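Comments concern the structure below.
The values are calculated or read from the model by the stated rules, or taken from the named source; none is laboratory data. Note that the structure is a prediction, hence the values are computed from the model and not measured. Positions of Cβ are backbone-derived with ideal geometry, glycine not excepted, and every protein chain shown enters the neighbour counts. In case anyone asks, the SASA skips ligands and DNA or RNA and just uses the protein heavy atoms, side chains included. Shrake-Rupley method; radii C 1.70, N 1.55, O 1.52, S 1.80 Å.
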Amino acid sequence: MSDNGHAGRVAMVTGAGSGIGRACARALAAAGAEVHVVDLDRAAAEQVAAEVGGRAHVADLADPGAVDALPAAVDVLVNNAGFQHVAALPEFPLDTFTRMQQVMVTAPFQLVRNALPHMYARGWGRIVHVSSVHGLRASPYKAGYVTAKHALEGLSKVVALEGAAHGVTSNCVNPGYVDTPLVRAQIADQAAAHGIDESEVVEDVLLRRAALKELIDPEEVAELVRWLCGDHAAHITGASLPMDGGWTAA
């Protein structure tokens with residue numbers, strides 16, 4: 001959908017070089033926002049920024065200094081960047097676990113902390129955290145990701161409570177498995193590990209607990225993110241909105 005609902009607004013999307021983040025950057029730009037495109041991959045960030053008429057920023061969100069160097073004067077913040085690692089707890093690398101918390105918890109905290117003074121001064125702000133069904137449910141072998149997403153849920157609620165008096169909302173979007181490079185890599189790994197076809201991985205492994213046996217389109221997630229950033233969503237805050245094909249209904 002193209003509209004001018006965010007004309008004059010400035011947005012920042014992390015992990016915007018591909019997948020959900022790229023779809024969010026496109027959706028917000030189509031709605032009229034100027035978009036800061038943040039990604040670890042320079043070529044991807046610059047490509048998306050050129051496409052949406054935004055600005056590219058290359059940053060390793062595991063580096064606190066790199067996070068603090070990003071623009072703070074934003075009206076819309078979409079915390080989307082993340083990555084996955086699958087391993088049993090006894091073999092889960094400590095450095096990987098730590099980096100996951102830095103990218104998916106500490107960086108969002110820093111970005112929120114840096115953006116709130118601008119939002120408070122304007123009396124308006126929208127913060128959306130792209131969490132996961134794993135922010136609401138656990139799966140084995142994903143200690144780092146599940147821990148980070150549960151922490152992100154808690155951060156979002158605190159931001160909602162503190163920001164309420166200042167016109168700032170904070171919400172989580174909780175998709176199940178989305179058709180992104182991150183998920184496609186998991187599918188390939190699972191197919192190789194189990195010796196089965198990738199289509200079987202999708203239906204019998206990844207989506208075993210979901211009612212709808214299909215991957216989610218990134219653009220569907222982006223539309224929900226965009227909708228939460230509108231003036232009409234002023235009373236939706238501190239919420240977690242599942243888009244999981246019925247996973248959490250069971």
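Quick notes on this one:
- The residues of segment 39-156 expose on average 42 square angstrom of accessible surface per residue, using a 1.4 Å probe on protein heavy atoms.
- Value at 222 nm in deg cm²/dmol, rounded to 500, when DSSP H runs of n ≥ 4 in the chain each add -39,500 (n - 2.57): -12000 deg cm²/dmol
- Residue with peak Gaussian network fluctuation, the chain [Cα springs, cutoff 10 Å], from 119, 12, 104: 119
- Distance histogram in 5 Å bins (all Cα pairs of segment 1-103, percent per bin): 3, 14, 22, 21, 16, 10, 7, 4, 2, 1, 0
- A DSSP coil position with no more than 15 other Cβ atoms inside 10 Å describes the following trypsin sites (Lys or Arg not before Pro) in segment 169-241: 208, 213.
- GluC sites (Glu not before Pro) lying in DSSP loop within segment 158-232, provided at most 16 other Cβ fall within 10 Å: 214
- Taking the accessible area of the chain, probe 1.4 Å, and keeping the other protein chains in place, the carbon and sulfur fraction comes to 55%.
- Loop chymotrypsin sites (Phe, Trp or Tyr not before Pro), segment 110-197, which have at most 14 other Cβ atoms in a 10 Å radius of their Cβ (DSSP): 141
- Lys/Arg +1, Asp/Glu -1 at C-beta; the chain dipole; positive extreme among 56, 102, 233: 233
- Basic side chains Lys and Arg get +1 at the Cβ, acidic Asp and Glu get -1 at the Cβ, and with that the dipole of the chain about its Cα centre reaches some 720 debye.
- Sequentially through segment 23-36, phi angles give Karplus couplings (6.51, -1.76, 1.60; θ = phi - 60°) of 4, 5, 4, 5, 5, 5, 5, 5, 8, x, 7, 7, 10, 8 Hz, Gly and Pro residues having no value and appearing as x.
- Under 13 Å from the residue 141 label point (7 Å along Cα→beta-carbon), backbone N, segment 164-201: 186-196, 201
- Net length available on complete extension from residue 118 to residue 96 is 4.6 nm, with 0.36 nm assigned per residue and the Cα-Cα distance removed.
- Residue 6 long-range amide H proximity, modeled H, under 5 Å: 32, 33
- For segment 89-131, the mean projected area of the C-alpha convex hull, equal to one quarter of the hull surface, is 3.6 nm².
- Karplus-derived 3J(HN,Hα), 6.51/-1.76/1.60, for each residue of segment 112-118, Hz, glycine and proline x: 5, 4, 6, 7, 4, x, 5
- Once backbone amide H atoms are built at 1.01 Å from N, residue 55 has 35, 36, 37 as its partners under 5 Å, excluding neighbours fewer than 5 places away on the same chain.
- Top positive-direction residue, dipole computed over segment 124-250 with Cβ charges, set 176, 187, 144: 144
- Compactness index (Cα Rg / 2.2 N^0.38 Å), segment 68-200: 1.19
- Solvent-free Debye scattering, log10 I(q)/I(0), computed from the Cα coordinates of segment 92-159 at q = 0.11, 0.14, 0.17 Å⁻¹: -0.30, -0.46, -0.63
- Between 0 and 90 degrees, the angle of helix 42-52 with respect to the longest Cα principal axis of the chain falls at about 60 degrees.
- Residue-span extension gain [residue 233 to residue 211] - 0.36 nm each, minus C-alpha spacing: 5.1 nm
- Per-selection metrics, segment 174-250 (Cα): Rg and Dmax in Å: 14.9, 49
- Eigen-decomposition of the gyration tensor built on the alpha-carbon atoms of segment 132-234 gives equivalent ellipsoid semi-axes of 31, 16, 10 angstrom, largest listed first.
- For segment 163-217, Kirkwood radius (reciprocal of mean inverse C-alpha pair distance, Å): 13.0
- Using only the C-alpha atoms, the convex hull of the chain corresponds to 120 Å³ per residue.
- log10 of Debye I(q)/I(0), alpha-carbon scatterers only, for segment 26-76 at 0.30, 0.31 Å⁻¹: -1.14, -1.16
- Less than 5 angstrom separates the built amide H of residue 240 from those of 172, all sequence-distant by 5 or more or on a different chain.
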